[in-house]
Amino acid sequence: KKRFCPQVITEQKMQMIRRTGVMEFWPPVPVEQVGGLELLKQYLMNRKKAFEPGNEHLPKPKALLLVGIPGTGKSLSCKAAASIFNWPLIRLDISALKGSLVGESERKIRQATATIDAFGRAVVWLDEIEKGFAGVKSSGNTDGGTTAGMFGHFLTWMAETTSPVLVMATANNIQELPPEFMRAGRFDSMFFVDVPTKQERLEVIRIMNKRYGSEIPEEYSQALNGWTGAEIEQLAKDSLFDGLEEALKTIVPLSKTMKEEISSLQQWATTRARRANTPDDTDTTKNV
């Protein structure tokens, strides 16, 4: 174009990401589309200033881990983080990095991290990371150490990179994560995303009614105690076809079908992770 054109540069950088075959761009989600989770939103907004001009003296966050119950908005929060920072959102699929040839997986993850470094400012999203790095402990016996090698390189890169990137990883099953992944200092913060409180359910109901044109009464925020955001979304969609009362009968929330597992995870998080949800002293979610 015979002039400096940021759009051309951005497009070239996007092509660089696409050519890897293991990363893809996802559209960021406006933060208003995330019901509740005010403590997590506030954390991200406060850390954003570390990347602004004049704040070079502030420590820059490198990685966050979101642990919690399926359907509570962990992945949605990663998409909203890109919106808060006004950065591109790159999804890195660890499982897609694994190749059949000797050394191919290690080469791919080195290429992926080098590409991210060259790209610059971006939120890097790793969804359900416990599945991507599953088998690290037995890697020497099952795959010749391939997974362990990938895991080791990724941890080293995450700690040593100087590029302005924010890694956002999500996990449903904390028990499957290797101990070295959980040690202090590996992540800037670990957040526990619980089932929404009463006020958060009210926000989710309003968002879903607006998105789908459904008519879930706001007073249902009390009746839907223990429901996740994904379950409330499904209720909104089903109600358009089956009616609200019938849709309400057909959805059994995870807080009932996996009551013991959820209670165990909530108990684990009380002393090991920061709370992402908005506190609500009048809510009885913990007693579900």
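The values are calculated or read from the model by the stated rules, or taken from the named source; none is laboratory data. Please read all numbers here as calculations on a predicted model, not as lab measurements. When we count neighbours, we look across all protein chains shown, and the Cβ atoms used for this are built from the backbone with ideal geometry, even at glycine. SASA here: full protein model, heavy atoms, side chains in, ligands and nucleic acids out. Shrake-Rupley method; radii C 1.70, N 1.55, O 1.52, S 1.80 Å.
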Q. With each label point set 7 Å from Cα along the Cα-Cβ vector, what nm distance links residue 241 and residue 275?
A. 3.8
**Q.** the stretch 181-263: GluC sites (Glu not before Pro) in DSSP loop, at most 12 other beta carbons within 10 Å
**A.** 215, 218, 219
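If the limit is 21 Å between Cα atoms, which of 41/74; 48/79; 48/74; 198/256; 62/198; 108/131 go over it? Don't jump to the answer; show the numbers that get you there.
Working: 41/74 12 Å; 48/79 15 Å; 48/74 19 Å; 198/256 17 Å; 62/198 32 Å; 108/131 18 Å.
Checking Cα-Cα distances, 62/198 exceed 21 Å.
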Q | Fluctuation leader among 229, 120, 54 - the chain, Gaussian network, Cα springs under 10 angstrom | A | 54
Q: List, in order, the whole-Hz ³J(HN,Hα) value for each residue of the stretch 30-35 obtained from phi through the Karplus relation with A = 6.51, B = -1.76, C = 1.60 and θ = phi - 60°; use x for Gly and Pro.
A: x, 4, 5, 7, 9, x
Q. If you bin the C-alpha pair distances of the chain every 5 Å from 0, what whole percents do you get?
A. 1, 5, 11, 15, 16, 15, 13, 10, 7, 5, 2, 0, 0, 0
**Q.** Sequence ranges 71-78, 56-63, 126-133, ranked by mean other-Cβ count within 10 angstrom, highest first
**A.** 71-78, 126-133, 56-63
Q. For residue 263, what accessible area in Å² do you get when you roll a 1.4 Å probe over the heavy atoms of the protein chains, rounding to the nearest 10?
A. 50
Q) Hey, how many Å between the Cα centroid of the stretch 63-119 and the Cα centroid of the stretch 218-272? A) 28
Q.
Kirkwood hydrodynamic radius, computed over distinct alpha-carbon pairs, for the stretch 166-288: how many Å, to one decimal?
A. 16.0
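Two decimals, Cα atoms only, Kirkwood Rh: what is Rg/Rh over the stretch 105-251? Don't skip to the answer; put the middle values down first.
Working: Rg = 20.7 Å, Rh = 18.5 Å.
Over the Cα atoms of the stretch 105-251, Rg/Rh equals 1.12.
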